[in-house]
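The block underneath contains the structure these notes are about, expressed in structure tokens.
The values are calculated or read from the model by the stated rules, or taken from the named source; none is laboratory data. All values derive from a computational prediction rather than experimental measurement. Heads up, the Cβs are rebuilt from the backbone with ideal geometry, glycines too, and the neighbour counts pull from every protein chain shown. Keep in mind that these areas ignore ligands, DNA and RNA; they rest on the heavy atoms of the full protein, side chains included. Shrake-Rupley method; radii C 1.70, N 1.55, O 1.52, S 1.80 Å.
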Amino acid sequence: MKLCTIALGLLFPFALGAAEKEQKEDKDKAPKLRLQNPGMEGGEGVPLGWTGKFGDCIVTRDTAVFHAGKASLCVDRSTLSDNRNACAHQMVNIQPASKITLSGWVKTEGMGKVNFAAQFFDERFTTNDCFPVKTLEGTHDWQELEAEITVPENASKLAIALYVEGQGKAWLDDVKLKAEGIKVAVVKPGAEPKAPGAPAEVKKVPVTAVPGYFPDRPRAWKLFHESQVRRAEEGGFEVAFLGDSLTQGWTTTGREAWQKILVPLKSANFGLGGDTTGNLLWRLENGLLEDQDPAPKVVVLMVGLNNLWSGQNSSEEVVAGLRAVVEKLRSSVPSSQILVVGLLPVGAELTDINRQRATEFNVLAAQLEEWNNVSFLNPGVKFLRRDGKFLEGLFQADNIHLTAKGYDLFAKELTPAVMELLKPAEPAAEPVKVKQELGPVGR
């Protein structure tokens, strides 16, 4: 086994954290490797999917120098005089395979040494085997570098890396990966999300798939979506939570309740702040839970308040959007039980217009229980006193989002319904229904 002459430990402290975010292929799924953005076409400062600089260097997505397409990955140490190593890489979870073939187009400039390499790690990063595809010194125009490599028996991670040692500069483009007996899925960046434009379009949004958009961070919404698609591809969960900021909040304010109560149910969180029914529909049509195998046993769905807020859409229109989301889920994960959760209370008073809209929404949303594999739960009444005011300490100052105490109550209300749906279905039995009285509601 040949080891790279470059510093073998260079990636280790950084790769561990990055790899935790990468996919862990579910053992029940057919073996598949996932190569993201091999042509460097997606991304802004750094190509999407390629980890930033390790060591002293500048890593960029170069739109002026490229082999094909519109951009390349550039690792630049040309302004440094030491002989240290630096690199950029993409980490891929790899199933056992006897051989892989790795290739890429590389261009070099300056006096440094450049290694295009495959670097293998075990699950805990205790082993580190590096195989150069080819080493170049000095200046070279674009050339395709390719090597067939035997995968170490204990390898579970592959870093496709471009190293620069000393004073030099290198570009990488058009990477290809083949694995003996294993399918390689090439994930190309999608179109940039755009904000729904004219006010006339607003009425269409509840039932129309449309990407989300944060005006102050135009790329952020799509990057969140892409990270959640990768998380879904990892598998290993039986309950999928879909929704807006209240669902995403399980990862922040509600983290303690999530870890203590919902993680033991093998839950995964796919909430994204600001999402409307149309945004969630777009995510389901663009990779989220797509071809999910195995499918989650239960999908917990709570969405719609961002459509209702300030009268953007009527309750009937938003429930039509919710219905479109449920229909998409029934198509993409037909074996999953879908738990539609009513909107929680919003607004400090019963007379608040958004509280009234949400109440109307819940009454209509409960009718989705007529469908097979769909149940409705309305936990909102548990958050209120008899006079309709909030129970103390459950909501933040905006009268919309939950506190940690609120999430703890929410988790305890959700858990019995989810556990009931997780039970194996009896032969010839009717789909499980989780019944709840209708009451005051919200987000």
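Scanning segment 278-294 for residues that are of a type outside the set (A, V, I, L, M, F, W, C) and either touching a Cys at 6+ places or on another chain (Cβ under 7 Å) or over 10 Å from PRO211 (Cα atoms) (or both) returns GLU285, GLY287, GLU290, ASP291, GLN292, ASP293, PRO294.
Scanning segment 232-244 for residues that are buried (at least 19 other Cβ atoms within 10 Å of the Cβ) and assigned to a helix (DSSP H, G or I) gives ALA232, GLU233. Looking only at residues in segment 266-276 that are of a type outside the set (A, V, I, L, M) and in contact with an Asp or Glu (Cβ under 9 Å, 6 or more places away or on another chain), the one that is most open to solvent (accessible area, probe 1.4 Å) is LYS266. Name the single residue, out of those in segment 82-107 being within 27 Å of the chain's Cα centre (by Cα) and not in a strand (DSSP E or B), that is surrounded by the most Cβ atoms within 10 Å (Cβ to Cβ). Looking at the filtered set, the residue picked out is ILE94. Pairing residues of segment 28-54 that are over 19 Å from ARG231 (Cβ atoms) and of a type in the set (D, E, K, R) with residues that are at pLDDT 75 or above and part of a strand (DSSP E or B), at Cβ distances under 6 Å and at least 6 apart in sequence or on separate chains, gives LYS53/VAL59.
Taking (1) open to solvent by less than 20 Å² (accessible area, probe 1.4 Å); (2) outside any helix (DSSP H, G or I) in turn, LEU368 satisfies each apart from (2).
The condition of being surrounded by 17 or more Cβ atoms within 10 Å (Cβ to Cβ), touching a helix residue (DSSP H, G or I) at 6+ places or on another chain (Cβ under 6 Å), modelled with pLDDT of 95 or more and not β-branched (Val, Ile, Thr) does not hold for LEU308.
When LEU343 is tested against (1) assigned to a helix (DSSP H, G or I); (2) within 20 Å of THR277 (Cβ to Cβ); (3) open to solvent by less than 30 Å² (accessible area, probe 1.4 Å); (4) not basic (Lys, Arg), exactly one condition is not met: (1). Scanning segment 245-265 for residues that are surrounded by 24 or more Cβ atoms within 10 Å (Cβ to Cβ) and of a type in the set (A, V, I, L, M) yields a count of 1.
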